[in-house]
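Chemist: Can you keep this structure in mind? I'll have questions shortly.
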Amino acid sequence: MMSGDAAVNDVWRESEGTMNEIFNQTRQTRRKRRWPAMMLCVVLGMTLCGCSLGTASEEPKTRQVIAMTTIMNLRVYGKKSDRALNDGEKEIHRIDARLSVGNSDSEVSKLNAAGGGVVSGDVATLMQKALDIYRSTDGAFDISIYPIMKLWGFTEVYDESDPKTSTKVKHIPSSSAIAQTLTKVDASKIRYDAKTKTLDLPADMQIDFGGIAKGYTSQRLIDIMKKDGVTAAMVELGGNVQVYGQKPDGSPWRVGIANPKNREKMVGTLNLTKSCAVITSGSYERYITDSTGRKYHHIIDPNTGYPAESGLASVTIVCKDGTTADALSTALFVMGKDKAIAYWRAHHQMFDAILVDQNQRVYVTAGAIKAFQKNAGFSVREIKVK
């Protein structure tokens, strides 16, 4: 991970070594879980601040958790930090056990097997949010995409950075198989009664919250930590970042946005002074390769059944709510630049966005432009409401 802060580089060198060891130790566990995680693309560049703090009571407490086929980093400030970390870790595992489609005992797996049923509070919240965003984005975000994700092999867990798996040729589904499977994808056919929390799925339809679950989890963690009395917190769930409060030294939370063409570098940095989530979807983090060397990324367009060809390389959403940010990062990526900008203009009070296209052009919406510090070599265009 690249950073302009030497102290932060030292933190990440240590962290990356630990992460490699953990990945090797848990590879089999992760394969069994098979959470079809959207390996989102925010590089946490400087939120793990190495600043010197005034007193021992201002030092943060940290914890690393493995869940949802990723490595999660929790950092909290305040006298009740230990309690917040314990409660946060419990919540991560609770949500993972409830939502993981790779666990046959999870609530979502049982709902898929039964074709529906009465859902829990977690699933009810996610269902309502997912269907709302499905409708508002004209189907760009669709939780019924799971059969297509399975067909492409994106429900399998493998590490693209591992030469043993990154160079292995993956099976690319035929156009006829995609067309046939696509008939099972259409969230408009899902029948859900919010009052009774009753879900009814059409035959052969299966749902998956992989494109929204980490955002929901980060929001739940922040809510729990606030109740536990922490003064500030940062949670980083495999690239999804959410921050709360102000660090004791008064410095901003700094979150780097990855360069899609070189993940070791950044397009720029967001300097955040308010609590919010920063979540990115990109075409470069998770992919499969065919026999010709062509790469197919994991963000599937629900209208075609193929990886979205929208002209965008990454979409970063900045929003008060992590659940909303997670879903919108996928939806706006599928939409492409023009539709994404039009959607933001219609909903600009809800979120801001940073769009990076295939030609390395960066578009930053008006609400985020002051917080965004671009790196050399990138041109930035501000998107205004009009």
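Chemist: Are any residues in segment 364-379 at pLDDT below 95 and either open to solvent by less than 80 Å² (accessible area, probe 1.4 Å) or in a loop (DSSP other than H, G, I, E, B) (or both), and if so, which ones?
Modeler: Passing the criteria: Asn375, Ala376, Gly377, Phe378, Ser379.
Chemist: Looking only at segment 126-135, count every residue that is surrounded by fewer than 17 Cβ atoms within 10 Å (Cβ to Cβ) and either more than 20 Å from Ile300 (Cβ to Cβ) or not charged (D, E, K, R) (or both) and tell me the total.
Modeler: So the first thing to find is which residues in segment 126-135 are surrounded by fewer than 17 Cβ atoms within 10 Å (Cβ to Cβ), and the list is 128, 132, 135.
Still in the list and also either more than 20 Å from Ile300 (Cβ to Cβ) or not charged (D, E, K, R) (or both): 128, 132.
Total satisfying the criteria: 2.
Chemist: Still on this structure, I have one more. Mind checking which residues of segment 63-100 are modelled with pLDDT of 95 or more, open to solvent by 50 Å² or more (accessible area, probe 1.4 Å) and either under 14 Å from Ile224 (Cβ atoms) or touching a Pro at 6+ places or on another chain (Cβ under 7 Å) (or both)?
Modeler: Residues satisfying the conditions are Arg63, Asp82, Arg83, Asn86, Glu89, Lys90, His93, Arg94.
Chemist: Tally time: how many residues in segment 219-256 are farther than 16 Å from Ser81 by Cβ, in contact (Cβ under 8 Å) with a residue 24 or more places away in the chain and of a type in the set (Gly, Ala, Ser)?
Modeler: Within segment 219-256, residues that are farther than 16 Å from Ser81 by Cβ, in contact (Cβ under 8 Å) with a residue 24 or more places away in the chain and of a type in the set (Gly, Ala, Ser) number 4.
Chemist: Restricting attention to segment 182-199, and to residues there that are assigned to a loop (DSSP other than H, G, I, E, B) and either without any contact (Cβ under 8 Å) to a residue 40 or more places away in the chain or hydroxyl-bearing (Ser, Thr, Tyr) (or both), which single residue is farthest from Ser136 (Cα to Cα)?
Modeler: So in segment 182-199, the residues assigned to a loop (DSSP other than H, G, I, E, B) come out as 183-186, 190, 194-197.
Those still in the list that are either without any contact (Cβ under 8 Å) to a residue 40 or more places away in the chain or hydroxyl-bearing (Ser, Thr, Tyr) (or both) too: 183, 195-196.
Details: Thr183: 21, Lys195: 21, Thr196: 23 Å.
So, considering only residues that are assigned to a loop (DSSP other than H, G, I, E, B) and either without any contact (Cβ under 8 Å) to a residue 40 or more places away in the chain or hydroxyl-bearing (Ser, Thr, Tyr) (or both), the one farthest from Ser136 (Cα to Cα) is Thr196.
Chemist: Tally up the residues in segment 101-117 that are hydrophobic (A, V, I, L, M, F, W, C) and either surrounded by fewer than 18 Cβ atoms within 10 Å (Cβ to Cβ) or under 18 Å from the mean Cα position of the chain (by Cα) (or both), please. Don't jump to the end; show me each part of the working.
Modeler: Step one: of segment 101-117, the residues hydrophobic (A, V, I, L, M, F, W, C) are 101, 108, 111, 113-114.
Then drop every residue that is not either surrounded by fewer than 18 Cβ atoms within 10 Å (Cβ to Cβ) or under 18 Å from the mean Cα position of the chain (by Cα) (or both), which leaves 101, 113-114.
Residues flagged as hydrophobic (A, V, I, L, M, F, W, C) and either surrounded by fewer than 18 Cβ atoms within 10 Å (Cβ to Cβ) or under 18 Å from the mean Cα position of the chain (by Cα) (or both) within segment 101-117 amount to 3.
Chemist: For segment 180-230, name all the residues that are within 18 Å of Ala124 (Cβ to Cβ), touching a Gly at 6+ places or on another chain (Cβ under 9 Å) and not hydrophobic (A, V, I, L, M, F, W, C).
Modeler: Arg191, Tyr192, Lys197, Thr198, Asp200, Gly215, Tyr216, Thr217, Gln219, Arg220
Chemist: Within segment 257-272, track down each residue that is in contact (Cβ under 8 Å) with a residue 40 or more places away in the chain and open to solvent by 30 Å² or more (accessible area, probe 1.4 Å).
Modeler: Within segment 257-272, Lys261, Arg263, Glu264, Lys265, Asn271 qualify.
Chemist: Separate question: Mind counting the residues in segment 170-215 that are farther than 30 Å from Ser291 by Cα and hydrophobic (A, V, I, L, M, F, W, C)?
Modeler: Residues in segment 170-215 being farther than 30 Å from Ser291 by Cα and hydrophobic (A, V, I, L, M, F, W, C): 11 in total.
Chemist: Of everything in segment 76-107, what is in contact with a Ser or Thr (Cβ under 7 Å, 6 or more places away or on another chain) and assigned to a helix (DSSP H, G or I)? Give them in sequence order.
Modeler: Hits for segment 76-107 are Ile92, Ile95, Ala97, Arg98, Leu99, Glu107.
Chemist: Could you please find all residues in segment 108-158 being touching a Leu at 6+ places or on another chain (Cβ under 6 Å) and either assigned to a loop (DSSP other than H, G, I, E, B) or without any contact (Cβ under 8 Å) to a residue 60 or more places away in the chain (or both)?
Modeler: Matches in segment 108-158: Gly115, Val119.
Chemist: Mind listing just one residue for me: the one in segment 244-300 that is hydroxyl-bearing (Ser, Thr, Tyr) and part of a loop (DSSP other than H, G, I, E, B) and, of those, farthest from Ala376 (Cα to Cα)? Spell out the reasoning first.
Modeler: Going residue by residue through segment 244-300, those that are hydroxyl-bearing (Ser, Thr, Tyr) are 244, 251, 269, 273, 275, 280-281, 283-284, 287, 289, 291-292, 296.
Then keep just the ones that are part of a loop (DSSP other than H, G, I, E, B); that gives 251, 273, 275, 283-284, 291-292.
Numbers: Ser251: 23, Thr273: 23, Ser275: 27, Ser283: 22, Tyr284: 21, Ser291: 36, Thr292: 34 Å.
Looking at residues that are hydroxyl-bearing (Ser, Thr, Tyr) and part of a loop (DSSP other than H, G, I, E, B), I get Ser291.
Chemist: Okay, moving on. Quick check: anything in segment 282-300 in contact with a Leu (Cβ under 9 Å, 6 or more places away or on another chain), within 20 Å of Leu221 (Cβ to Cβ) and in contact (Cβ under 8 Å) with a residue 40 or more places away in the chain?
Modeler: Looking for residues that are in contact with a Leu (Cβ under 9 Å, 6 or more places away or on another chain), within 20 Å of Leu221 (Cβ to Cβ) and in contact (Cβ under 8 Å) with a residue 40 or more places away in the chain, one finds none in segment 282-300, hence no.
Chemist: Pairs needed: first member in segment 336-362, farther than 19 Å from Ile299 by Cβ and assigned to a loop (DSSP other than H, G, I, E, B); second member anywhere, modelled with pLDDT of 95 or more and small (Gly, Ala, Ser); C-beta distance under 6 Å; at least 6 residues apart or different chains.
Modeler: Every condition considered, no pair remains.
The values are calculated or read from the model by the stated rules, or taken from the named source; none is laboratory data. This is a predicted model, so every value here is computed, not measured. Cβ coordinates were reconstructed from backbone atoms using ideal geometry, including for glycine residues, and neighbour counts include every protein chain displayed. Just the protein is used for accessible areas: all its heavy atoms, side chains included, with ligands, DNA and RNA removed. Shrake-Rupley method; radii C 1.70, N 1.55, O 1.52, S 1.80 Å.
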